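**Q** Once you've had a glance at the structure underneath, I'll fire off some questions.
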Amino acid sequence: MVTAELHAIARKMVARNKGILAADESNATMSKRLDSINVASTPESRRQWRQLLFQTQGIGDFISGVIMYDETIRQSDDSGKRFVELLAMSDILSGIKVDKSTHDLAGAPGEFITEGLDGIRDRLADYYSMGARFAKWRALLTVGDGRPSDYAIHTNAHALGRYAILCQEQGLVPIVEPEILMDGVHNIDDCLLATKRSLTVVFEELVAQSVDLSGIVLKPNMVISGSDASNRASSTEVARQTIDCLLETVPAEVPGVAFLSGGQGDEESVVNLDEINKIANSERIPWELTYSYGRGLQAAPLAKWLGKNENVLAGQVAFQRRGLDSSAAREGVFT
């Protein structure tokens, strides 16, 4: 694809007032979500859930792109319209999760490696032909007891680089997602150090593998205390530490940063994003700072829906509220 087209897609993904919906849960993860509302997980129940989200009135006001799972990108709504086409009617880009999930990293107890590079070139070409215009690959790094190790950081960063350049070769904008897992008792300083180390190596790999940084979107964690830490840092400190970390590690040519919610509560993820953008509005920050939330956007509407047709509208209203709150936070004007 022409470089200018990749750049335009990346900029559209991080457009003002909008964020990215992560609806790429594997069937196993989606089964857990549906189990929580006593709904059997089947291709049809998963299709109905994604249809509820994608048919929400005004979804294009707060969503720029949707990351889908392999099953989802092949599905259609009740009328037979493919989800990719349905989303395009609201000017929403379709994306696809292309990694094969995380697995134990050999020789590194308690650490992980993301697999899925075998055969990825052909899979990317197929997804492009289906209408996908961006992709996602998640690397997972843990904190505590000497983790993340240099070994885990480097092996995951190398895989992210390989994935990213192959995406761009096939005309897809890569979402680059190195996540420092929030689980644990670590404090915000531990998260800051781990995030700095990982982002530094990730961008070294991206540059070494000739990835066009103007044609990617970065999806990192916020710099935040562990979920079980005592005296967890305030949203003001989270925002300041996150901005400072990005300024030290992320090149200015990257068009945007779409934060993952990664274990934060619904309100917590919105308040933290709002504080981050309040700083961005008052300082010269080179990137758009937005959201790529999964559970943070979906938990409330899922609880309203409960798998019942008569609750579809209630679920959509809850999804719209979550989206509009996140959109306000993306501009630093959430109240």
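**Q** Here is a list: D99, D126. Which entry is within 18 Å of the chain's Cα centre (by Cα) and charged (D, E, K, R)?
**A** Only one candidate passes the filter, namely D99.
**Q** Further question on the same structure: Being part of a helix (DSSP H, G or I) and more than 25 Å from A239 (Cβ to Cβ) is the filter here, so list the residues in segment 197-217 that pass it.
**A** Within segment 197-217, E204, E205, L206, V207, A208, S214, G215 meet the criteria.
**Q** Scan segment 110-124 for residues that are surrounded by fewer than 15 Cβ atoms within 10 Å (Cβ to Cβ) and in a helix (DSSP H, G or I) and jot them down.
**A** Once the filter is applied, which keeps residues that are surrounded by fewer than 15 Cβ atoms within 10 Å (Cβ to Cβ) and in a helix (DSSP H, G or I), segment 110-124 yields R121, D122.
**Q** Could you figure out which of (1) under 21 Å from G226 (Cβ atoms); (2) part of a loop (DSSP other than H, G, I, E, B); (3) modelled with pLDDT of 95 or more; (4) among the aliphatic types (A, V, I, L, M) isn't true of A194?
**A** (2)
**Q** Something else now. With the condition kept exactly as written, say whether any residue in segment 52-74 is under 19 Å from M130 (Cβ atoms), at pLDDT 95 or above, touching a Pro at 6+ places or on another chain (Cβ under 9 Å) and not hydrophobic (A, V, I, L, M, F, W, C).
**A** Yes: one or more hits.
**Q** Say whether the condition of being closer than 29 Å to L6 by Cα, in a helix (DSSP H, G or I) and either in contact with a Cys (Cβ under 7 Å, 6 or more places away or on another chain) or among the hydroxyl-bearing types (S, T, Y) (or both) is met by at least one residue in segment 316-326.
**A** yes
**Q** So, T155, is that one farther than 24 Å from Q264 by Cβ, touching a residue at least 40 places away in the same chain (Cβ under 8 Å) and among the polar types (S, T, N, Q) or not?
**A** For T155, the condition - farther than 24 Å from Q264 by Cβ, touching a residue at least 40 places away in the same chain (Cβ under 8 Å) and among the polar types (S, T, N, Q) - is met.
**Q** Among the candidates L313, L289, single out the residue that is at pLDDT 95 or above, hydrophobic (A, V, I, L, M, F, W, C) and under 15 Å from the mean Cα position of the chain (by Cα).
**A** L289
**Q** Is at least one residue of segment 95-102 out of contact with any Leu (no Cβ under 7 Å at 6 or more places or on another chain), surrounded by fewer than 14 Cβ atoms within 10 Å (Cβ to Cβ) and among the charged types (D, E, K, R)?
**A** No: zero hits.
**Q** On the given criteria, is I180 touching a Cys at 6+ places or on another chain (Cβ under 7 Å), closer than 28 Å to T72 by Cβ, of a type in the set (A, V, I, L, M, F, W, C) and buried (at least 22 other Cβ atoms within 10 Å of the Cβ)?
**A** Criteria met by I180.
**Q** With among the hydroxyl-bearing types (S, T, Y) and outside any loop (DSSP other than H, G, I, E, B) as the only criterion, which of S90, S94, S79 stands out? Write out each step before concluding.
**A** Numbers: S90 fails: outside any loop (DSSP other than H, G, I, E, B); S79 fails: outside any loop (DSSP other than H, G, I, E, B).
Exactly one residue qualifies, and that residue is S94.
**Q** Mind checking whether some residue in segment 169-186 is closer than 19 Å to K278 by Cα, of a type outside the set (K, R) and at pLDDT below 95?
**A** For segment 169-186, residues closer than 19 Å to K278 by Cα, of a type outside the set (K, R) and at pLDDT below 95: absent.
**Q** Shifting gears a bit: State yes or no: is I120 among the aliphatic types (A, V, I, L, M), in contact with a helix residue (DSSP H, G or I) (Cβ under 7 Å, 6 or more places away or on another chain) and free of Cβ contacts under 8 Å to residues at least 40 places away in the same chain?
**A** Answer is no for this residue.
Yes/no per residue for (1) modelled with pLDDT of 95 or more; (2) of a type in the set (F, W, Y); (3) surrounded by fewer than 16 Cβ atoms within 10 Å (Cβ to Cβ):
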| residue | (1), (2), (3) |
| --- | --- |
| A4 | no, no, yes |
| V14 | yes, no, no |
| A22 | yes, no, no |
| S26 | no, no, yes |
| T42 | yes, no, yes |
| R50 | yes, no, no |
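**Q** Right, G171: surrounded by fewer than 17 Cβ atoms within 10 Å (Cβ to Cβ) and not in a helix (DSSP H, G or I) or not?
**A** Criteria not met by G171.
To keep it simple, each residue is scored yes or no on (1) of a type in the set (G, A, S); (2) under 19 Å from E310 (Cα atoms); (3) in contact (Cβ under 8 Å) with a residue 60 or more places away in the chain.
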position: A4; (1), (2), (3): yes, no, no
position: E25; (1), (2), (3): no, no, yes
position: N38; (1), (2), (3): no, yes, yes
position: F54; (1), (2), (3): no, yes, no
position: G65; (1), (2), (3): yes, no, yes
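**Q** Quickly run through segment 149-168 and pick out the residues that are surrounded by fewer than 21 Cβ atoms within 10 Å (Cβ to Cβ), closer than 17 Å to K219 by Cα and small (G, A, S).
**A** A159
**Q** Looking at the structure I just gave you, is E177 touching a His at 6+ places or on another chain (Cβ under 8 Å), in contact (Cβ under 8 Å) with a residue 12 or more places away in the chain and within 16 Å of D99 (Cβ to Cβ)? Lay out the reasoning, then the answer.
**A** On the way: touching a His at 6+ places or on another chain (Cβ under 8 Å): no; in contact (Cβ under 8 Å) with a residue 12 or more places away in the chain: yes; within 16 Å of D99 (Cβ to Cβ): yes.
No; evaluated as a whole, the condition is false for this residue.
The values are calculated or read from the model by the stated rules, or taken from the named source; none is laboratory data. Quick caveat, the model's predicted, so the values are computed rather than measured. So basically every Cβ, Gly included, is an ideal-geometry build from the backbone, and we count neighbours across all protein chains shown.
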